[in-house]
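Student: Here it is, the structure, as structure tokens.
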Ligand SMILES: Nc1nc2c(ncn2[C@@H]2O[C@H](COP(=O)(O)OP(=O)(O)OP(=O)(O)O)[C@@H](O)[C@H]2O)c(=O)[nH]1
Ligand SMILES: [Mg+2]
């Protein structure tokens, strides 16, 4: 085979495909520089290396920075905080969309269709997830890569499964930080997916600019497990699977949900939630969803609610972090661990009221060596 090729090179010299043996060029980099480069690659990246890498859109450095955010090592976390701080100024240009709905409603299929539409319109998108159970399942989004067939391989999309921290608070905090890194890397539309069954919606709602609820026609709210509170939180609703025999039902569900949403008290954004129908499989109605979100964005940027909301969210995050650190510190305290069981027993024997039991534990905590919870 090799010989044949050589023969071909010699005989078919008129061919435009002929390859002449070139003159060996001296390396533009001297050996010393190459060696230094390889040595440096092996070294740990500095905060500035991370920052510049992220800003230049280097996906591998972005992934490495996310790994630092997710790490439980204090030194990693400290470094991550410095990187995040540098990345913060890029956040205001992006728009964050939270997507929720019961399992099977079609969130991942919708994200594939909607995400590809956004990319065609010139956006770069990051898809993240908040899934507190992911420490066991490793995040549904990972298995979902088949549902996001085109998105998962597209250079303008970045998909990352949920951080696998124990508590919802921990997962949410890390996701917020990952959003900031993605935004600095040039992803201007962030989608955060969460399953609509637990408290994770509230966490996602507190980190996005637009909260989208995916619904199905023909299944009552109760059947879909969607609580009134979640409907109240949403800025828009989409009835998915509006295709085939389901189309007419979806149309009438749209009218019903529009009416239901009008009954809720007006949102602080001054926006009246809209309802659209779409088929994520047939990719119909996706444009309408885009228009809905775009007009919301224009509305909140004009009336400045966009900034007010982000500031409110920052304050919420600050308090959430304090609560989480204090609570972890309390529960991990050896004195507390040693007296909790007996205190609960005394309470259950009616020797202490729940309030008194709490006071016993708090007194023990506050009088101990807990001056510096960090
Ligand atoms: N007919 C129809 N089927 C759809 C549509 N969207 C999603 N599906 C199907 O519904 C099933 C569930 O879709 P997923 O996208 O995995 O749903 P999900 O909400 O991400 O589910 P979880 O990740 O388990 O919470 C799949 O079999 C999809 O093919 C649609 O618009 N029309
Ligand atoms: Mg999914």
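Student: Send over the semi-axes of segment 333-374's equivalent ellipsoid, whole angstrom and largest first, taken as the square roots of 5 times the C-alpha gyration tensor eigenvalues.
Tutor: Equivalent ellipsoid semi-axes, largest first: 22, 10, 6 Å.
Student: How far is it, in nm, from the label point at residue 348 to the one at residue 307 when both lie 7 Å from their Cα along the line to the Cβ?
Tutor: Calculated label separation equals 5.5 nm.
Student: Further question: Scattering from the C-alpha atoms of segment 252-321 alone, worked out with Debye: what is log10 I(q)/I(0) at q = 0.12 1/Å?
Tutor: Here the Debye-derived log intensity ratios amount to -0.47.
Student: Between residue 64 and residue 92, what length comes free when the chain is fully extended (0.36 nm per residue of separation minus the Cα-Cα distance, one decimal in nm)?
Tutor: Using 0.36 nm per residue and subtracting the Cα-Cα distance, I get 7.8 nm.
Student: While we're here: Calculate the all-directions average of the projected area of segment 61-126's alpha-carbon convex hull, and give it in nm².
Tutor: Taking the Cα atoms of segment 61-126, their convex hull projects to 6.3 nm² on average.
Student: What is the percent of Cα-Cα separations in segment 90-315 that go past 27 Å?
Tutor: Counting pairs separated by more than 27 Å, the tail of P(r) holds 27 percent.
Student: Under the Kirkwood approximation applied to all pairs of distinct alpha-carbon atoms, what is the hydrodynamic radius of segment 231-374 in Å?
Tutor: Kirkwood hydrodynamic radius for segment 231-374: 20.0 Å.
Computed from the coordinates by the stated procedures, all read-outs in this text should not be read as laboratory data. As the structure is a computational prediction, the values presented were derived from the model and not from experiment. Positions of Cβ are generated from backbone atoms using ideal geometry, with glycine treated the same way; all protein chains shown enter the neighbour counts.
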